[in-house]
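A.B. asks: Below: one structure in structure tokens.
The values are calculated or read from the model by the stated rules, or taken from the named source; none is laboratory data. As the structure is a computational prediction, the values presented were derived from the model and not from experiment. Cβ sites come from the backbone with ideal geometry, for glycine too, and all protein chains shown count toward neighbours. Side chains are part of the model used for accessible areas, which takes the heavy atoms of the whole protein and leaves out ligands, DNA and RNA. Shrake-Rupley method; radii C 1.70, N 1.55, O 1.52, S 1.80 Å.
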Amino acid sequence: MELIFILSTLTGPLLLAAMGGLTSERSGIMNIALEGFMLTSACVVAVVSVATGNPVVGVLAGLAAAIVMALLHALLTQAYRIDHIISGMAINLVALGGTNFLDKRFTDLSRQGEIPQIPMLVFDVLAFGLPVLLWLYLKRTRGGLRLLAVGNDPDKARQMGVDPIRVRYAALAATGLLCGLSGAMIVTNAGRFTDGMTAGRGFIALAALILGGWKPIPTAVACLGFGALYTLQLQLQGSQLFGANLPSQFWNALPYLVTVIAMAGFLGKSRAPAGLGKE
Amino acid sequence: MGHCCALRAAGRKGVRRLTPHVRLRGIDKRFGSVVALEAVSLEVEKGTIHAIVGENGAGKTTLMKVLYGSHPPDDGTIEVGGEAVAFRDSADAIRHRIGMVSQHYSIIPELTCLQNLILGAEPAAFLDEQAIEARAQMLAAKMGFSFAWSEPAANLSPAGAQKLEILKLLWREADVMILDEPTAMLSPADAEALFESLTALADQGRTILLVTHRLPEVLRFCKRADVLRGGKNVATTEVAETSAGQLAEWIVGHAMSEPVVGSFEPGEAVLETRGLTVRGDRGDEAVRGVDVLIRSGEVVGLAGVDGNGQRELYDALVGVGEVLAGDVFMEGADIGRLNPGERIARGLRLIPEDRHTQGVIEDWSLEANAALGLHRLGDLRRGQWVHAPARRRLAERIAERFRTKHGGLHQPMRSLSGGNQQRFVAARSLEFAPRLMLAFQPTRGLDIDGTQAVYEAIRNRCREGAAALVASFDLDELLEHCDRIVVIRGGRIYEPPAPQARDRNAIGRLMVGAEAGLSA
């Protein structure tokens with residue numbers, strides 16, 4: 001039971017962020033800024049929850065902040081044609097510096113105890129239900145079809161009367177929302193904001209997305225796998241494994257290692273959305 | 001639903017003679033300082049196939065995009081069914097039941113056939129797959145088409161993709177159907193079937209605008225034709241009252257000369273293959289034991305329906321295909337083990353099938369593309385470097401040869417229209433004394449003048465001692481321009497017997513596998 005709790009706590013943020021990455025990348029916008037969205041949300045949730053004493057307001061504010069950041073990414077890449085990776089890098093850096101500033105400026109250091117929280121179970125339900133919903137969305141709705149079409153070939157989609165820009169802004173708003181939830185879940189679990197607390201989980205989510213071939217269910221499975229790795233790491237920390245004491249850095253690197261190996265050989269041809277990162 | 005449409009169509013029929021289905025008046029369109037269309041007017045009668053003919057860059061496609069809403073005009077009016085309309089984008093035009101199949105198709109290969117069919121015209125926010133498939137099946141059955149609906153569209157043949165495009169228009173209940181060069185990628189038999197479908201649709205009251213450069217299609221299937229030249233409408237005619245010669249003269253603005261195939265003495269063998277067998281995409285033998293002999297001076301046409309091994313044969317000759325067995329000799333030397341660069345150094349040149357992906361690097365400048373593949377030849381090579389002034393002279397020469405229209409040699413290749421890219425790629429293959437030219441649809445997207453010029457240049461090189469193999473899906477083009485024609489079918493080469501060497505029907509039978517003499 002304890003183990004399942006840990007597993008869901010560690011996997012939930014990955015699931016939410018990976019699904020956020022999915023809507024973005026499926027629309028054709030490369031997104032390495034998931035980390036930044038999550039961090040922004042985590043910080044704003046903490047600050048606003050404390051300021052208002054209301055965790056719901058806090059979370060809503062966090063989501064709004066992450067959505068704004070995601071829309072900024074859409075604006076930079078679509079309206080200003082900035083390279084998707086560069087825009088993503090910029091947003092991550094802004095998030096890192098900005099949250100550090102916000103945290104220092106507004107957190108009352110003399111204050112004791114944790115921030116007001118909404119129950120973790122809410123996040124768990126959202127995180128684990130989402131992949132199925134997203135799968136249905138892509139398969140069974142007009143919006144899902146248009147998202148796939150725009151991500152594969154925006155020009156052809158436009159010819160068919162679909163507005164790629166609108167689809168992409170909507171997709172990025174969803175990315176912001178989901179990454180915002182992910183950040184809120186992380187800060188809720190931790191009880192307080194600490195600098196850089198998302199600790200690369202946005203990138204792990206991205207790795208899961210790639211490993212899962214940009215499909216909701218396989219991506220969710222990859223997230224679960226990575227979540228299980230984290231759980232295992234917590235359990236095994238300090239203990240001997242195969243007679244060797246593996247450093248924690250090894251465990252941290254493992255998800256990336258798995259992704260690289262999988263990309264290199266086992267998955268064969270890349271199945272990325274064909275229009276990813278183009279215009 | 002169907003009933004209501006029938007009523008509306010009947011209502012229009014009453015005023016058909018007074019009001020054309022589509023009327024464009026005084027359309028102007030400029031791109032920057034370039035005038036693409038100037039005061040173009042056009043009237044299209046309901047229930048007919050109406051041809052828009054003209055050279056590349058004459059403004060045909062631009063005019064159609066004006067009607068389809070993707071290029072709003074700078075001036076002029078559009079009327080559809082007697083009602084003045086102004087389209088801001090394609091979605092607007094689609095709402096007015098105008099549909100367009102563009103030259104490069106708008107099918108997204110990663111989506112399924114069904115998803116492609118409904119994209120942009122989904123019946124509801126939530127997709128009821130069964131109901132959608134039922135209606136799709138019904139539309140397809142009406143046209144005599146069949147599709148594996150849940151297969152990715154990537155698996156479609158060019159003819160299949162074309163059929164799906166037409167079905168997309170029907171799905172959207174388009175009354176006005178614009179088809180831009182619809183037969184460019186089809187075999188003669190598929191093209192024939194397409195026109196059968198189009199004629200049936202016109203008979204049902206749909207209005208079809210056909211953009212084409214193939215005059216036989218115009219003469220056989222269209223009722224009226226408008227000729228564009230230099231962005232202006234230079235002639236409007238009933239097809240019954242004109243001829244191919246007259247149309248061609250309007251199109252180019254001067255009388256055409258007949259191509260001179262002429263006689264010559266074939267010289268030494270330039271290309272010889274013995275038992276060449278090449279692996280295909282799916283691991284099968286796409287080319288099976290092919291023996292080809294091409295002599296100096298000859299232009300040999302390779303006829304065949306798309307997908308019969310042409311691509312694999314070319315890949316093997318260029319040096320990128322996977323040869324399973326057999327030998328390739330060039331001027332007596334075994335080149336089977338040479339890489340493409342070494343073959344190019346020996347004088348092999350390629351005009352690839354798909355210029356976008358195989359012929360040019362679109363982000364590079366024209367100048368950089370000029371030296372692509374040729375960078376080790378002649379005065380281009382300067383130690384480990386490419387000699388920049390020589391490259392510039394080369395690019396100038398290449399752009400000059402077929403009058404490629406460009407905005408400067410430093411502009412990226414993607415700034416050129418498809419036809420102009422083709423001119424550039426074709427001209428490049430003629431540089432540095434080629435010995436063997438392998439051309440795959442060398443005039444794809446070119447107009448009459450351009451086609452003539454390219455074939456003439458290839459033939460001149462051959463008369464100087466080189467040899468050429470030209471693959472095309474357009475048999476008429478090969479018959480017009482080649483000295484000799486061989487057929488590829490199922491990866492094997494067939495040569496029509498001497499008395500029928502230029503007999504269109506005999507060659508056609510070889511292409512589809514109906515043995516000569518049996519069905520004659």
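A.B. asks: What percent antiparallel are the DSSP beta bridges of region B:58-205, to the nearest 5?
C.D. replies: In region B:58-205, DSSP labels about 50 percent of beta bridges as antiparallel.
A.B. asks: Take the alpha carbon gyration tensor of chain A, find the square roots of its eigenvalues, order them as a ≥ b ≥ c, and report rounded if a/c is under 1.5; if not, report prolate when a/b exceeds b/c, else oblate.
C.D. replies: oblate
A.B. asks: What average number of partner chain Cβ atoms lie no more than 10 Å from the Cβ of the residues making up A:159-171? Intermediate values should be presented prior to the final figure.
C.D. replies: Working: counts 14, 14, 13, 6, 4, 0, 0, 0, 0, 0, 0, 0, 0.
Counting other chains' Cβ atoms within 10 Å and averaging over A:159-171 gives 4.
A.B. asks: Give me the accessible area of residue B:396, 1.4 Å probe, in Å² rounded to the nearest 10.
C.D. replies: Taking all protein chains as shown, residue B:396 has close to 100 Å².
A.B. asks: Which shape class applies to region A:52-128: rounded if a/c is under 1.5, otherwise prolate when a/b exceeds b/c and oblate if not, where a ≥ b ≥ c are the square roots of the Cα gyration tensor eigenvalues?
C.D. replies: In terms of gyration-tensor shape, oblate.
A.B. asks: Using a 1.4 angstrom probe, figure out how much accessible area region A:2-199 has per residue, in square angstrom, rounded to the nearest whole.
C.D. replies: Solvent-accessible surface per residue comes out at 41 Å².
A.B. asks: Shifting gears a bit: From Cα pairs below 8 angstrom and at least 6 apart in sequence, can you work out the relative contact order of chain B, rounded to a whole percent?
C.D. replies: Relative CO of chain B lands at 14 percent.
A.B. asks: As a test of the formula, what do you get for the protein assembly as shown when each DSSP H run with n ≥ 4 contributes -39,500 (n - 2.57) and the sum is divided by the residue count, at 222 nm and rounded to the nearest 500 deg cm²/dmol? Provide the component values of the computation, followed by the final result.
C.D. replies: Values: 28 runs with 368 residues, N = 799.
Dividing the helical sum by the residues of the protein assembly as shown leaves -14500 deg cm²/dmol.
A.B. asks: To the nearest 100 Å², how much accessible surface do chains B and A cover up together, summed over both, with a 1.4 Å probe?
C.D. replies: Buried: approximately 1800 Å² between A and B.
A.B. asks: Shifting gears a bit: Can you pick out the pairs among B:65/B:142; A:104/A:215; B:29/B:142; B:29/B:168; A:156/B:29 whose Cα atoms lie more than 31 Å from each other?
C.D. replies: Where the Cα-Cα span goes over 31 Å, the pairs concerned are A:104/A:215; B:29/B:142.
A.B. asks: Right, here's the next one. Counting only other chains, what is the mean number of Cβ atoms within 10 angstrom of the Cβ of each residue in peptide B:117-124?
C.D. replies: Counting Cβ atoms of other protein chains within 10 Å of each residue's Cβ and averaging gives 5.
A.B. asks: Beta carbons within 10 angstrom, averaged per residue: use that to sort the peptides B:304-314, B:413-423, highest first.
C.D. replies: Ranked by mean Cβ neighbours within 10 Å, highest first: B:304-314, B:413-423.
A.B. asks: Is the shape of region A:83-168 best called rounded, prolate or oblate, per the rule: a/c under 1.5 gives rounded, else a/b larger than b/c gives prolate, else oblate, with a ≥ b ≥ c the square roots of the Cα gyration tensor eigenvalues?
C.D. replies: Since a/c reaches 1.5 but b/c is at least a/b, the shape of region A:83-168 is classed as oblate.
A.B. asks: In the protein assembly as shown, carbon and sulfur make up what percent of the accessible area (probe 1.4 Å)?
C.D. replies: Details: 19820 of 35320 Å².
Within the protein assembly as shown, the accessible surface is 56 percent carbon and sulfur.
A.B. asks: When DSSP beta bridges are limited to those with both residues in the protein assembly as shown, what percentage is antiparallel, rounded to the nearest 5? Before the final figure, lay out the partial values.
C.D. replies: Details: 45 of 82 bridges.
Antiparallel bridges: around 55 percent, rounded to the nearest 5.
A.B. asks: Now a separate question. Can you figure out the FRET efficiency of residue A:234 with residue B:151, using R₀ = 56 Å and their beta-carbon distance, to the nearest 0.05?
C.D. replies: 0.75
A.B. asks: If one computes the Cα centroid of region B:47-90 and of region A:60-93, what distance in Å separates the two points?
C.D. replies: Rounded to whole Å, the Cα centres lie 38 Å apart.
A.B. asks: Restricting to chain B, compute how many DSSP beta bridges are antiparallel as a %, nearest 5.
C.D. replies: 55
A.B. asks: In percent, what relative contact order does chain A have, based on Cα pairs under 8 Å that are 6 or more apart in sequence?
C.D. replies: The value is 36 percent.
A.B. asks: For a protection proxy built on the mean count of beta-carbon atoms within 10 angstrom, sort B:427-433, A:11-17, A:102-108 highest first, please. Could the numbers behind the result be given before it?
C.D. replies: Values: B:427-433: 20.7, A:11-17: 29.3, A:102-108: 13.1.
Order by mean packing, descending: A:11-17, B:427-433, A:102-108.
A.B. asks: Measuring with a 1.4 Å probe in the full set of protein chains, what accessible area per residue, in whole Å², belongs to region B:414-514? The partial results should precede the final answer.
C.D. replies: Working: 3190 Å² over 101 residues.
With the other protein chains kept in place, region B:414-514 gives 32 Å² per residue.
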